[in-house]
Amino acid sequence: MTTPSVVVGDITRLDRTAAPPDAIVNAANSELAQGSGVCGAIFAAAGAAELAAACRPLAPCPTGAAVATPAFDLGRRGVTHIIHAVGPVWPGDGDTGAQARADALLASAYRSALDLAERLGVRSLALPALSTGVYGFPPERAAVVATEVVTTHTGRLHQILLVAFDERAATPLRTALAGRGGAGAPTGAA
């Protein structure tokens with residue numbers, strides 16, 4: 001079993017780390033269309049037109065699921081695949097049942113991405129904090145879900161990087177990972 005680690009930086013520029021990933025996960029919407037945040041950065045770095053054309057026939061992708069495309073221009077950085085995982089929108093109304101369903105869908109999105117990476121023969125995978133941007137999932141809660149999934153994953157992955165754009169986003173991931181006995185310290189900055 002691989003011990004994940006937290007990395008602070010731009011998920012599209014992790015070729016500057018000691019061991020860059022050969023696949024990255026996109027925080028995708030169900031239409032697999034270019035969005036903002038992580039999704040926008042990945043589309044821009046991969047080549048928006050090519051990536052959009054590759055995503056179109058794969059849409060819609062259900063919440064909690066994942067699909068893969070080639071990495072296009074990210075191939076220059078050693079990335080072979082982009083795995084598009086669709087996380088849930090956080091139900092902000094306080095409905096604990098809806099929140100529990102959102103937790104389950106978020107866990108499913110991470111599991112789907114990891115399982116797809118295994119099927120593709122990926123050895124090193126970079127994962128962003130799914131659903132914590134415009135989808136409004138509380139970062140601390142999302143970090144607990146993410147670290148539970150990645151620390152219990154069994155497979156051939158040699159490296160799982162939990163990527164945070166800045167230190168503020170890294171703190172919940174480090175805390176949750178340390179709580180599960182993982183390596184919460186960053187392995188490098190991009």
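The values are calculated or read from the model by the stated rules, or taken from the named source; none is laboratory data. Please read all numbers here as calculations on a predicted model, not as lab measurements. Ideal geometry is used to build each Cβ from the backbone, glycine not excepted, and the neighbour counts take in all protein chains shown.
Worth a mention:
- Residue check for ALA41: under 14 Å from the mean Cα position of the chain (by Cα) and in contact (Cβ under 8 Å) with a residue 40 or more places away in the chain: no
- VAL79 being part of a loop (DSSP other than H, G, I, E, B), touching a strand residue (DSSP E or B) at 6+ places or on another chain (Cβ under 8 Å), crowded, with 17+ Cβ neighbours inside 10 Å and among the aliphatic types (A, V, I, L, M): yes
For every residue, the table says whether it meets (1) at pLDDT 95 or above; (2) part of a helix (DSSP H, G or I).
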| position | (1), (2) |
| --- | --- |
| SER131 | yes, no |
| ALA143 | yes, yes |
| VAL163 | yes, no |
| ALA176 | yes, yes |
| GLY181 | no, no |
| ALA185 | no, no |
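- Restricting segment 113-143 to residues that are of a type in the set (Ser, Thr, Tyr) and surrounded by 21 or more Cβ atoms within 10 Å (Cβ to Cβ), the residue that is farthest from ALA68 (Cα to Cα): THR132
- Scanning segment 6-52 for residues that are of a type in the set (Val, Ile, Thr) and either outside any loop (DSSP other than H, G, I, E, B) or at positive phi (or both) returns VAL6, VAL7, VAL8, ILE11, THR12, ILE24, VAL25, VAL38, ILE42.
- Hey, ASP15 at pLDDT below 95, in contact with a Lys or Arg (Cβ under 7 Å, 6 or more places away or on another chain), acidic (Asp, Glu) and buried (at least 20 other Cβ atoms within 10 Å of the Cβ) or not: no
- Condition broken by ALA100, with the remaining ones in (1) part of a helix (DSSP H, G or I); (2) crowded, with 17+ Cβ neighbours inside 10 Å; (3) of a type outside the set (S, T, N, Q) satisfied: (2)
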